[in-house]
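Student: Below: one structure in structure tokens.
The values are calculated or read from the model by the stated rules, or taken from the named source; none is laboratory data. Since this is a predicted model, take the numbers as computed values, not measurements. With ideal geometry, Cβ positions are generated from the backbone for all residues, glycine too; neighbour counts draw on all protein chains shown. Side chains included, ligands, DNA and RNA excluded: accessible areas come from the protein's heavy atoms. Shrake-Rupley method; radii C 1.70, N 1.55, O 1.52, S 1.80 Å.
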Amino acid sequence: QVQLVESGGGLVQAGGSLRLSCAASVSIVSIDLLGWYRRAPGNQRELVAAITSGGRTNYADSVKGRFTISRDTAKNTVFLQMNSLKPEDTAVYHCNTVPVALYSWGQGTQVTVSS
């Protein structure tokens, strides 16, 4: 069973930065599309960033220009660099395949942005 382990979340003031990591228990080299999702309390899970096996990236409008997704295939890890954080970025962040989440969801990592 594939495991995804997210880390790097925390409490940060508005305008601050965090770098999230997602370590996969399998090689990510051949995975076409990986992404970071988030779920805020009372909201549905949304996709915020995705990266192809070739390194092309795509972002939700709400995070464009502030978040950067990257991947290290040698470490089977996907990263999300989050800058200029806003209180509305507060959520639990997960990684998984896109557009369909093929793997079981990990525990995620909580990001809380205070105003």
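Student: Is it the case, given these coordinates, that residue 33 is under 16 Å from residue 109 (Cβ atoms) and touching a residue at least 60 places away in the same chain (Cβ under 8 Å)?
Tutor: Answer is no for this residue.
Student: Taking residue 111 as the residue in question, decide whether it is within 14 Å of the chain's Cα centre (by Cα), closer than 18 Å to residue 16 by Cβ and not aromatic (Phe, Trp, Tyr).
Tutor: yes
Student: Let me ask another. (1) closer than 19 Å to residue 3 by Cβ; (2) out of contact with any Leu (no Cβ under 7 Å at 6 or more places or on another chain); (3) assigned to a loop (DSSP other than H, G, I, E, B): which one isn't true of residue 103, the others all being true?
Tutor: (2)
Student: Working only within segment 58-91, note down all residues that are of a type in the set (A, V, I, L, M), open to solvent by less than 40 Å² (accessible area, probe 1.4 Å) and either closer than 21 Å to residue 4 by Cα or in contact with a Pro (Cβ under 6 Å, 6 or more places away or on another chain) (or both).
Tutor: 69, 78, 80, 82, 91
Student: Return the total of residues in segment 64-87 being without any contact (Cβ under 8 Å) to a residue 40 or more places away in the chain and among the hydrophobic types (A, V, I, L, M, F, W, C).
Tutor: 3
Student: How many of the residues making up segment 1-41 are open to solvent by 40 Å² or more (accessible area, probe 1.4 Å) and in a loop (DSSP other than H, G, I, E, B)?
Tutor: Residues in segment 1-41 being open to solvent by 40 Å² or more (accessible area, probe 1.4 Å) and in a loop (DSSP other than H, G, I, E, B): 12 in total.
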